[in-house]
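**Q** Right, I'll just put the structure down here and ask away after.
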Amino acid sequence: MTVHSTAKAFKRNAARAMQDEKLQRALMHVRTNFIAKRQSAVDRLPEFEALRESARDIKNHTLAHLDLYLERYEAKVTQAGGHVHFARTAEEARATVVDICRRLGAKTVTKGKSMIGEEIGINEALEKAGMKPVETDLGEYIIQLRGEIPSHIIAPAVHLNRDQVEADFRRAHVELDPKRDLSEPTQLLAEARQVLRERFLAADVGITGANFLIAETGTSVIVTNEGNGDLTQTLPKAHIVLASIEKVTPTLEDVCQILRVLARSATGQDMSVYTTFSTGPRRPGDPDGPGEYHVVILDNGRSAMLGTQFQDMLRCIRCGACMNHCPVYHAIGGHAYGWVYPGPMGAVLTPSLIGLGEGGNLPNASTFCGRCEAVCPMKIPLPGMMRHWREREFERHLSPATQRYGLAFWAFFAKRPWLYRPATRVAMWGLALFGRSKGTLSSLPFGAGWTTHRDFPTPQGPTFQARWHGRDKRRDLS
Amino acid sequence: MSFARDDVLRTIRRSLGVNGTEASRRAEVDDRLSRAPDGIIPKRSQVDRAERLALFMAQAETGLATVVLVPDAASVPTEAARYLRDSNLPATLRIGDDPRLAAMPWHATTIEVSKGASDGADLNALSHAFGGVAETGTLAMVSGSDNPTTLNFLPDNHLVVVASGDLSGNLEELLQKLRARYGKEKMPRTLNLITGPSRSADIEQTLILGAHGPRKLHIIVVEG
Ligand code: SF4
């Protein structure tokens with residue numbers, strides 16, 4: 001297992017999230033800002049659609065040759081004086097990182113934002129080993145102060161309001177004047193900058209994630225806006241990169257293709273502020289840079305997704321667009337998903353990585369409106385894969401009896417019309433996408449339980465058919 | 001952890017239904033790595049020299065940098081002095097060993113120039129870019145003693161000189177120049193692509209400049 005999951009309690013988590021007035025206030029920003037910014041960036045680039053296809057094809061090619069590209073990448077890192085460590089599991093990845101830090105006598109370890117770091121629970125492992133991990137991305141720093149996990153893959157603290165951050169800073173930064181003014185976001189940022197600057201300069205090891213590992217040159221790439229990742233990796237004795245196997249990308253040109261869709265999809269920028277290519281440790285004559293350069297490449301269940309109907313999920317570049325456009329995410333935020341990866345990508349990935357037993361509820365967190373697939377820069381068929389999971393879960397008899405008959409999922413929304421409202425707003429759009437199906441759900445083969453809630457949009461698709469057939473099959477078997 | 005390595009590769013191969021020795025797969029990978037084909041390159045980035053300069057300046061400003069054009073390298077110190085004065089900043093600059101910067105007439109200004117990587121105490125730094133990308137208004141900085149990487153991130157105010165002849169239309173053209181300099185399949189230790197000053201929108205999605213890196217980025221483009 002990796003970091004603790006509460007994904008099993010998804011329904012309870014979701015219900016609680018919808019009653020949380022502060023969370024609902026914070027989520028407003030997701031609904032408005034991200035969507036508008038992405039749209040205007042996309043509108044500015046006529047080649048955006050063609051680039052999506054190009055990016056998808058590059059990843060498909062890479063995944064089909066993943067073993068060979070990983071070998072090549074490893075050889076190139078070694079040539080540049082770096083070290084590659086493969087890790088089958090989260091445990092192995094943690095042990096590798098802790099060993100490197102111990103050998104260097106590290107006391108403080110700064111961290112750039114890394115979803116793999118979250119996935120393997122690296123902070124806890126470092127703390128247990130007597131070291132102090134310091135998150136340096138502003139959002140990550142805030143949630144570290146609160147002892148939380150990120151609620152969004154690119155905006156970790158998007159579930160919080162300014163006044164909550166102010167309260168956290170007053171609680172954590174006791175050495176500062178208690179009467180200081182923190183009423184503006186700029187003041188909060190300035191305070192974090194000041195506090196973290198000392199940590200950057202004192203750190204012994206810096207850990208970052210990676211958006212790409214380039215096979216051609218043995219290079220890791222991070223894409224950020226704050227500059228914290230660069231200070232994290234440049235100042236300490238050693239730089240450790242945490243990445244997963246599917247981050248490998250063949251060439252510099254291939255990275256350019258994907259970069260063009262990444263920032264636009266994520267934050268609506270043409271290009272993020274800092275795109276940093278790192279190849280090996282400090283070289284002779286370099287006045288700065290890390291003395292050691294390590295890359296930990298995590299599998300943690302991904303290699304088993306290859307060759308299955310979930311292989312496409314490994315194209316994901318963690319841009320966050322799917323959750324930014326998801327009516328379920330808008331309604332409940334990221335924490336309700338219970339593990340590291342929220343939103344549609346999390347609903348597909350979490351069961352793959354931690355199993356259906358833990359994450360089996362998540363693929364139900366969908367209205368099948370299809371927006372996530374429509375905006376995904378890597379053209380990942382997210383709703384289709386959620387359906388696959390639901391079918392599997394059904395077949396495995398893992399869900400409670402009512403759910404096996406498709407009722408609980410719909411009842412969940414039926415009891416919460418406010419969750420459904422954002423979904424119906426995009427219903428026309430969803431209908432267009434699911435034009436093959438038949439309009440509204442006027443009748444469903446589930447009897448009276450359904451007729452009271454029959455004004456749903458039309459997400460039945462193949463899933464209900466599959467379930468219905470599945471039910472028959474089970475009858476046949478019994 | 002070589003067990004882990006072999007295990008991961010073995011599982012990947014098993015899932016893909018391959019054994020890793022197939023000549024056709026190997027050939028395909030070698031081919032892609034050696035040819036490094038371009039994909040889709042946006043039309044707006046395929047521009048001639050004059051347009052490239054205009055696009056670079058416009059895009060850099062969109063990225064919230066400030067940009068000025070000076071006629072020659074000798075004009076850089078005066079422009080730097082003007083910028084520091086107009087921004088109410090002390091007349092100090094931290095620079096690396098770049099010979100192009102060393103050859104500039106700094107004595108003609110009152111700027112106090114100090115040399116080397118930054119330890120975090122410098123308010124202002126000046127670097128020479130390897131090149132720039134017009135498509136996105138991006139600067140390309142390479143590591144080394146000429147232009148230490150710390151200068152790109154620690155000082156509050158970063159001034160960057162770029163020669164207009166070093167501007168590329170798009171990222172791909174820039175990478176070709178990098179390959180010409182460092183050799184095929186090789187890279188500098190660090191290549192920083194920088195588009196505007198540091199920023200964060202982590203608090204209520206409000207964009208604020210000056211997160212952990214420079215609060216201000218001033219680009220001096222040298223004509224010629
Ligand atoms: S699934 Fe697609 S939209 Fe979602 S984070 Fe991944 S790449 Fe982005």
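**Q** Being more than 16 Å from the ligand (Cβ to nearest atom), of a type outside the set (A, V, I, L, M, F, W, C) and open to solvent by 10 Å² or more (accessible area, probe 1.4 Å), is that true of even one residue in segment A:315-338?
**A** yes
**Q** Here is a list: B:Ala50, B:Ala60. Which entry is out of contact with any Gly (no Cβ under 6 Å at 6 or more places or on another chain) and in a helix (DSSP H, G or I)?
**A** None of the other options fit; the residue is B:Ala50.
**Q** Those residues that are within 13 Å of the ligand (Cβ to nearest atom), outside any loop (DSSP other than H, G, I, E, B) and among the hydrophobic types (A, V, I, L, M, F, W, C), I need them from segment A:339-374; list them, please.
**A** Residues satisfying the conditions are A:Met345, A:Ala347, A:Val348, A:Leu349, A:Cys372, A:Ala374.
**Q** Pairs, please: C-beta under 6 Å, at least 6 apart or cross-chain, first residue facing another protein chain (nearest Cβ under 7 Å) and in segment B:8-37, second of a type in the set (Phe, Trp, Tyr)?
**A** B:Val8/A:Phe86
**Q** What strands (runs of 3 or more DSSP E) lie completely within segment A:130-217 and have 3 or more residues being away from the ligand (no atom under 16 Å from the Cβ)?
**A** Fully inside segment A:130-217 and qualifying: A:132-135, A:205-208.
**Q** Before we move on, is A:Gln269 closer than 30 Å to B:Ala140 by Cα, within 16 Å of the ligand (Cβ to nearest atom), open to solvent by 10 Å² or more (accessible area, probe 1.4 Å) and within 14 Å of chain B (Cβ to nearest Cβ)? Quick ask: steps written out before the conclusion?
**A** Working: closer than 30 Å to B:Ala140 by Cα: yes; within 16 Å of the ligand (Cβ to nearest atom): yes; open to solvent by 10 Å² or more (accessible area, probe 1.4 Å): yes; within 14 Å of chain B (Cβ to nearest Cβ): yes.
Criteria met by A:Gln269.
**Q** A follow-up question, please. Considering A:Pro377, A:Pro381, which residue is open to solvent by less than 10 Å² (accessible area, probe 1.4 Å) and within 15 Å of the ligand (Cβ to nearest atom)?
**A** After ruling out the rest, the residue left standing is A:Pro377.
**Q** Out of the residues in segment A:182-234 that are of a type in the set (D, E, K, R) and either at the interface with chain B (Cβ under 8 Å from one of its Cβ atoms) or under 21 Å from the mean Cα position of the chain (by Cα) (or both), state the one that is most open to solvent (accessible area, probe 1.4 Å).
**A** A:Arg197
**Q** Still on this structure, I have one more. Whether any residue in segment B:103-122 is open to solvent by 50 Å² or more (accessible area, probe 1.4 Å), out of contact with any Asp or Glu (no Cβ under 8 Å at 6 or more places or on another chain), among the hydroxyl-bearing types (Ser, Thr, Tyr) and assigned to a helix (DSSP H, G or I) is what I want to check.
**A** No - not one qualifying residue is present in segment B:103-122.
**Q** When you go through A:Ala129, A:Ala106 one by one, which is the residue that is in contact (Cβ under 8 Å) with a residue 24 or more places away in the chain, among the small types (Gly, Ala, Ser) and surrounded by fewer than 19 Cβ atoms within 10 Å (Cβ to Cβ)?
**A** Testing whether each residue is in contact (Cβ under 8 Å) with a residue 24 or more places away in the chain, among the small types (Gly, Ala, Ser) and surrounded by fewer than 19 Cβ atoms within 10 Å (Cβ to Cβ) leaves just A:Ala129.
**Q** On to the next question. Looking at segment B:192-214, which of its residues are of a type in the set (A, V, I, L, M) and either in contact with a Cys (Cβ under 7 Å, 6 or more places away or on another chain) or part of a strand (DSSP E or B) (or both)? Reasoning before the result, please.
**A** In the first step, residues of segment B:192-214 are kept if they are of a type in the set (A, V, I, L, M); the result is B:193-194, B:201, B:203, B:207-209, B:211.
Correct list: B:Leu193, B:Ile194, B:Ile208, B:Leu209.
The values are calculated or read from the model by the stated rules, or taken from the named source; none is laboratory data. Not measured: the values here are computed from a predicted model. Heads up, the Cβs are rebuilt from the backbone with ideal geometry, glycines too, and the neighbour counts pull from every protein chain shown. To get the accessible areas, we keep the full protein, side chains included, count just its heavy atoms, and leave off ligands, DNA and RNA. Shrake-Rupley method; radii C 1.70, N 1.55, O 1.52, S 1.80 Å.
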